[in-house]
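The values are calculated or read from the model by the stated rules, or taken from the named source; none is laboratory data. From a predicted model like this one, the values you see are computed outputs, not experimental measurements. Note that we place each Cβ from the backbone using ideal geometry, even for glycine, and neighbour counts take in every protein chain shown. Calculation scope for accessible area: heavy atoms of the full protein, side chains included, ligands and nucleic acids excluded. Shrake-Rupley method; radii C 1.70, N 1.55, O 1.52, S 1.80 Å.
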Amino acid sequence: MGAQIRVYRQKISSTTSMRKIFKAMELIATSRIGKARARVAASLPYANAITRAVSAVASQSEIDHPLTTEPEQIRRAAVLVITSDRGLAGSYSAGVLKQAEGLNELLHAEGKEVKTYLVGRKAQAYFDFRNREYARVWTGGTDAPEFSTAREIGEALLADFATEFEEGGVDEIHVVYTRFKSMVTQEPTVIRLLPLEVVEEQAASETDLLPLYEFEPEAERVLDALLPRYIESRIFAAMLQAAASELAARQRAMKSAGDNATDLIKKYTRLRNTARQAEITQELSEIVAGADALAS
């Protein structure tokens, strides 16, 4: 009986320590989520402005540019998968990977090869465990992304897009990430970056009209200059959305884990008290039995 009480005491002690860790991680995620949401909001004006500029160039000029023209045959697609570096964020990374798997199945069903690029150690571990190939991986700082990383990713993707298929190039580029909608809702999302699909992160009013531009010296050179920055801004915006989603998911997961730890502590405390009461009852019974034996 005494051994059973010791086991419950050890479980209470270890669960209490884990609850402290969960609480600390919840507070850290809570303190960072505000800054992450502010970065998402700050990135929208630039992303929307460059989106409108690229949209104006593409729609107001009749040009045949490889970045805005749908190819006759798409044989290989690049898929950029953005996950987290760390766990303890519930189903955050699992949701993104599931969405990426669905996209891969769709692309394969259409007869396209898939060339995968990864962001985050969770995606790298997922592919390594299954012995699946990927072109490149970027890790470190997924909960606080840097624009330099987005620029490096954009350059790598554009380089492959500009390369011929026979030399390992790709014909289209997709990004799989988690869109931050609110502290409660984060949605795994797929967007196609190239060939160009102009989608603003924040919908404009129906009355908004695209401004008229004059191109000097020519629209093709304007697109050559704008599109790399457009791709960088879209990738960086996706990384910022993913970072905010990761922190929100971690906050919820740690709160849930802390609540579960509290319930376990209450359960183990009741079991310990029950075992202690049974031990006391047994000791009293032995004392009474001994006294009766002496009296007789």
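Quick notes on this one:
- Axis of helix 147-161 versus longest Cα principal axis of the chain: the two differ by about 50°, to the nearest ten degrees.
- The order of the peptides 187-195, 35-43 by mean Cβ neighbours within 10 Å, most packed first, is 187-195, 35-43.
- With respect to the chain, whose longest principal axis is taken over its alpha-carbon atoms, helix 2-60 is tilted by about 10°.
- Here, segment 87-168 has an Rg and a Dmax of 14.0, 42 Å when only alpha carbons are counted.
- The chain, accessible surface, carbon-and-sulfur percent (1.4 angstrom probe): 52 percent
- In the full protein context, the chain carries 55 Å² of accessible surface per residue, based on a 1.4 Å probe and ignoring ligands, DNA and RNA.
- Relative packing of 282-294, 171-183, which averages over residues the other C-beta atoms within 10 Å, highest first: 171-183, 282-294
- Compactness of the chain was expressed as the Cα radius of gyration divided by 2.2 N^0.38 Å, which yields 1.49.
- Amide H contacts of T178 (H built 1.01 Å from N, in plane; Pro and chain starts excluded): T189, A242 sit under 5 Å, all sequence-distant by 5 or more or on other chains.
- About its Cα centre, the dipole of the chain is roughly 2700 debye, where the only charges are +1 on Lys and Arg Cβ and -1 on Asp and Glu Cβ.
- Taking amide H as placed 1.01 Å from N in the peptide plane, the amide H of A78 sits under 5 Å from that of K115, D171, E172, I173, H174, each at least 5 places away or on another chain.
- Geometric extent, Cα atoms of segment 1-128 - Rg, Dmax (angstrom): 23.9, 86
- Relative to the longest principal axis of the Cα atoms of the chain, the long axis of helix 92-109 lies at roughly 40 degrees.
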